[in-house]
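The values are calculated or read from the model by the stated rules, or taken from the named source; none is laboratory data. None of the values given here were measured: they were computed from a predicted structure. For neighbour counting, all protein chains shown are included, and Cβ atoms are generated from backbone atoms with ideal geometry for every residue, glycine included. Areas reflect the complete protein model, heavy atoms only, side chains present, ligands, DNA and RNA absent. Shrake-Rupley method; radii C 1.70, N 1.55, O 1.52, S 1.80 Å.
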Amino acid sequence: MNVVLIGSGGREHALAFKITESFKLEKLYCLPGNPGTSNLGENIDISGNENILEFCIANNIDLVVIGPEQPLVEGLADILRENKISVFGPSKLAAQIEGDKSFSKSLMKKYNIPTAAFEVFDKSDYNNALTYLKRHNYPVVIKAFGLAAGKGVLICENYDDAVSGLNDCFKNNTFGDAGEKVIIEEFMVGQEASIFAVTDGNDYLILPAAQDHKRIYDGDKGKNTGGMGAYAPAPLVTDKLLKEITGKIISPTLSAMKSEKMIYNGCLYAGIMITEEGPKVVEFNCRFGDPETQAVLPLLEGDFLELLYSAANGKIDKSSVKYNGGSSVCVVAVSGGYPDKYEKGFEITGLNISDNEIMIFHAGTKEVKGSILTNGGRVLGITSMIKENDLKLAKQKAYEGISKINFNKMFYRKDISDKAKLR
Ligand code: AMP
Ligand code: GLY
């Protein structure tokens, strides 16, 4: 099989790592990829829907795997499918489940899928939104409806905070078009889990549950980031809870999408809050999570490419992969200053770790004359993958790995996976 993988982050390095394990793979092209994927396939620096389509036709591509949300929301999957190319990833309409939070919240309301109580307001409803905020309990959550690179969620402790959040969206244009509409919703209390359902639109396979660490500092303090680390499997998600999540959330959501004539094909990522009233949806994403993918995929044995290919072709082969019984912890090394301003271009040393229980996934890196330099906020995901289901050992191994890596102003959290003990 000739495969194209779209994207350039840590998630895509992990996808490439797993895809290249398949005997069915002939050639992997990463568009554009990163220095990590260049060791697994050929990086090709092209972008734009038309250029990607042209490349796929010229290179007899059998499957395109789309990593990030942006090209999905922009309809890359549709253009490829119209040209008879198999794609793992939802259509533009189905990707609204992430791209338009007012769509996903209304879908959940219509089909009784548990989520935080909410109202949607657009710019012209400013005064109504203020009245609603006056009557609401606190904290309250204000969300920009569109894609905002993980920054469009404001948790407001009191009315004044909420008004200033609303003004950010409607008056100061902080989130651009993504803030034209807002969702004001109930604040939920509980632990969060990331659930990935790989689906052909009808049937699905749930991968081991993971937990992300979104805040910059230990103990979940400080600003929200793209994700500072993840681990899997998350013991918080017991078999019983997973049954509840699939029965009340995943199955009804896929059926709802079918009823709305938007068959969902790809990875449905459900961000779940485990509340006292049971699991509720925090958000849906239309793709695999980053950095959760880096911790989840190493726990799969079998043919991951076959899983994606069979799902893309409407007949998911759920026996193609299974959980290997192990555990994994991914610690993200970021550039000092992230998620605010940071510098780039520092040389990274210590990347040649030869330990088959440690994998270094590249994200914000670039290669210049044989050296690997920092080139983004989230730079690397140092990931342990051990045979035992022992998170303590997996954590130890991941931090052993990161202790060998160095670059100027490197920063990372020291408590990735400790939440597993809080249950
Ligand atoms: P999202 O981008 O929707 O995943 O939101 C980012 C983070 O904000 C989530 O991972 C939660 O930690 C938090 N969050 C979002 N919505 C809520 C909510 N309704 N209640 C409590 N926390 C929330
Ligand atoms: N880990 C959060 C995300 O991928 O959106």
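Which one of ASN313, GLY289, SER86 has its Cα pushed farthest toward the positive end of the charge dipole of the chain, where Lys and Arg give +1 and Asp and Glu give -1 at the Cβ? Most positive-ward Cα: GLY289.
Potential lengthening of the chain between ASN356 and LYS221 amounts to 45.3 nm, from the contour at 0.36 nm per residue minus the alpha-carbon distance.
Could you calculate the contour length gain from LYS151 to ASP239, that is, 0.36 nm times the residue separation minus the distance between their Cα atoms, to one decimal place in nm? Could the numbers behind the result be given before it?
On the way: separation 88, 0.36 × 88 = 31.68 nm, distance 3.22 nm.
Contour length minus the Cα-Cα distance gives 28.5 nm.
In units of the compact-protein estimate 2.2 N^0.38 Å, region 296-350 shows a Cα radius of gyration of 1.80. In this simple spin-label model, placing a label point 7 Å from the Cα along the Cα-to-Cβ direction at both ASN112 and LYS24 gives a separation of 3.8 nm. FRET efficiency for the pair ASN202 and LYS369, taken as 1/(1 + (r/R0)^6) with r the Cβ-Cβ distance and R0 = 51 Å, rounds to 0.55. Our summary of shape: the Cα atoms of the chain have principal axis extents of 58, 47, 42 Å, ordered from largest down, in whole angstrom. By the rule of a C-alpha distance below 16 Å, with chain neighbours fewer than 8 residues away ignored, the aspartates and glutamates paired with LYS366 are GLU12, GLU42, ASP45, GLU343, GLU347. Accessible area per residue for region 1-127 is 41 Å², calculated with a 1.4 Å probe on protein heavy atoms, without ligands, DNA or RNA. Taking the accessible area of the chain, probe 1.4 Å, and keeping the other protein chains in place, the carbon and sulfur fraction comes to 48%.
With the convex hull constructed from alpha-carbon coordinates only, region 49-205 shows a mean projected area of 11.2 nm² over all directions. For region 254-351, the alpha-carbon coordinates run over 49, 35, 29 Å along the three principal axes, in decreasing order.
So how much slack lies between SER259 and GLU50, counting 0.36 nm per residue of separation and subtracting their Cα-Cα distance, in nm?
Gain on stretching SER259 to GLU50: 72.2 nm.
The GLU186 and LYS392 beta-carbon pair, evaluated with R₀ = 56 Å, returns a calculated FRET efficiency of approximately 0.95.
Which FRET efficiency value, to the nearest 0.05, is calculated for ASN2 and ASN167 with the Förster distance at 60 angstrom and r the Cβ-Cβ distance? Intermediate results must be reported in sequence, preceding the final value.
Details: r = 51 Å, r/R0 = 0.84.
According to the calculation, E is roughly 0.75.
Computed over the Cα atoms of region 311-394, what is the convex hull's projected area averaged over all directions, in nm²? Computing the convex hull of the Cα atoms and averaging its projections yields 8.7 nm². As a rough guide to protection, the peptides 4-12, 145-153, 210-218 ranked by mean Cβ packing within 10 Å, highest first, stand as 4-12, 210-218, 145-153.
For the chain, the dipole from Cβ point charges (+1 on Lys and Arg, -1 on Asp and Glu) about the Cα centre works out to 580 debye, to the nearest 20.
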